[in-house]
Amino acid sequence: MANSDPDKLISKADKLTKLSMTRWSADWKSATVLYERAANAYRLAKNYEKAKEAFEKASKGQEMLSSPWDAAKHMESAAVLAKEAGNWKEVSEFSRHASELYTECGRSQPASDALAKGARALEDVAPEEAIQLYTDACDALEEDGKEQMAFDLYHAATSVYIKLEKYADAATFLLRWALSADKCNATHSQCKAYLSAIIVYLYAHDFQQAEKCYNDCCQVEAFLNSDQNRAASRLLSAYTEGDVEEIKRAAQSSIISNLDHVVIKLARKLPTGDVSAFKMDAKGQEEPLDEDDLT
């Protein structure tokens, strides 16, 4: 049927939005309905590129009609189709625009979700952009006091950082997770995030940073009295003793086995370098006995 031909629907809709000598105002209401019909028809025909463009136009139409929620929905559809078409730059752009439209509606959860969906689509092909989208998704929830809803996002971003072997960034994000957990009184998650950050530093063979992180975490009473603190202390003690076998045993503890799987994998590979130097450093820090000092 001619009236269901998506190309003709688009052509008709475009004419309704263009001003001319005979059309003094755009008919966005009628045009948007046509763009939506065309988008669905293209999608059914698996013509992803044209479906994407039609959803873009439908989204703009809903914006012109002061309906940011529907505009955001269409923009999310365009992002999905951009993924199908392999247009990764547009996946990010459309996800961000959808998020902005949801924010305009005062809805932080769907705003965050739109960014997270884009991030998941980009993890393998554009991991750096995926991390940025995950970070912005966390920001959207944190700014609205919904930190607990961001826990899966912290986990996802940390996993991508670890895949990229950006261990310092992964540890920093875990500490951000711990701070958010503290704000919503999720003590167990907070302590797990602290222990995970320490393990990540150890995997990167940065004992000094791991020790500093541990000392900072011990300023938090919840961590000081936790099983995660005891697991971290055992690991660090094994490092200062230069005891490879004890490090391996400590990394197998049930407390560490209850962390996220990406962190467990790192822990199981400890130590990642020569630990004898840490033992020498620990001995070097001990003050030598001054035989002349009788005080």
Inset, instruction - Amide H neighbours of Asp206 under 5 Å, at least 5 residues apart or on other chains, H built in the peptide plane: list them. - result: none
Inset, instruction - With a 1.4 Å probe and all protein chains in place, put His97, His74, His188 in order of accessible area, largest first. - result: His188, His97, His74
Inset, instruction - Show that you can apply the helix-only estimate: for the chain, add -39,500 (n - 2.57) for every DSSP H stretch of four or more residues, divide by all residues, and state [θ] at 222 nm to the nearest 500. - result: -23000 deg cm²/dmol
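List the GluC sites (Glu not before Pro) in region 179-283 that DSSP assigns to loop (not H, G, I, E or B) and whose Cβ has at most 14 other Cβ atoms within 10 Å. Which are they?
Loop-located and lightly packed - Glu241.
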Legend entry - For region 189-204, Karplus couplings with θ = phi - 60° (6.51, -1.76, 1.60), whole Hz, Gly/Pro x: 5, 4, 5, 5, 5, 4, 4, 4, 4, 4, 5, 4, 5, 5, 4, 6
Legend entry - On Cα atoms only, tilt of 227-240 relative to the major axis of the chain in degrees: 60 degrees
Legend entry - Helix 48-64 axis, angle to the chain major axis (alpha carbon atoms, nearest 10°): 80 degrees
Legend entry - Helix 151-163 axis, angle to the chain major axis (alpha carbon atoms, nearest 10°): 70 degrees
Inset, instruction - At most 14 other Cβ atoms within 10 Å plus a DSSP loop assignment makes a site exposed; report the longest stretch of the chain without any exposed trypsin sites (Lys or Arg not before Pro). - result: 47-268
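On a full-extension model of 0.36 nm per residue, what is the gain between Lys183 and Lys12, subtracting their alpha-carbon distance, rounded to one decimal in nm?
56.2 nm
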Legend entry - Net length gained if the chain between Gln219 and Lys146 were fully extended (0.36 nm per residue, minus Cα distance): 23.8 nm
Inset, instruction - Quick one: check the C-alpha center-to-center distance for region 203-226 versus region 243-269, whole angstrom. - result: 16 Å
Inset, instruction - For region 249-263, just list the computed ³J(HN,Hα) in residue order, Karplus coefficients 6.51, -1.76 and 1.60, θ = phi - 60°, integers in Hz, with x standing in for Gly and Pro. - result: 5, 4, 5, 8, 4, 5, 5, 5, 5, 9, 7, 4, 4, 5, 7
Legend entry - Estimated vicinal HN-Hα couplings, Hz - region 101-108 in sequence order (Karplus 6.51, -1.76, 1.60; Gly, Pro = x): 5, 5, 4, 4, 7, x, 10, 5
Legend entry - 14 Å cut-off, amide nitrogen to a point 7 angstrom out along Asp5 Cα→Cβ, residues in region 11-44: 11-13
Inset, instruction - Please name whichever of Ala178, Val275, Leu65 sits farthest to the positive end of the charge dipole of the chain, dipole taken about the Cα centre and charges placed at Cβ: Lys and Arg +1, Asp and Glu -1. - result: Leu65
Inset, instruction - Using R₀ = 30 Å, calculate the FRET efficiency as 1/(1 + (r/R₀)^6) where r is the Cβ-Cβ separation of Val244 and Lys89; round to 0.05. - result: 0.05
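The values are calculated or read from the model by the stated rules, or taken from the named source; none is laboratory data. The shown structure was predicted, so the numbers you read here are calculated from the model rather than taken from an experiment. Methodologically, a virtual Cβ is constructed for each residue, glycine included, from the backbone with ideal geometry; neighbour enumeration extends over all protein chains shown. The area values use the complete protein model at the heavy-atom level, side chains included, leaving out ligands, DNA and RNA. Shrake-Rupley method; radii C 1.70, N 1.55, O 1.52, S 1.80 Å.
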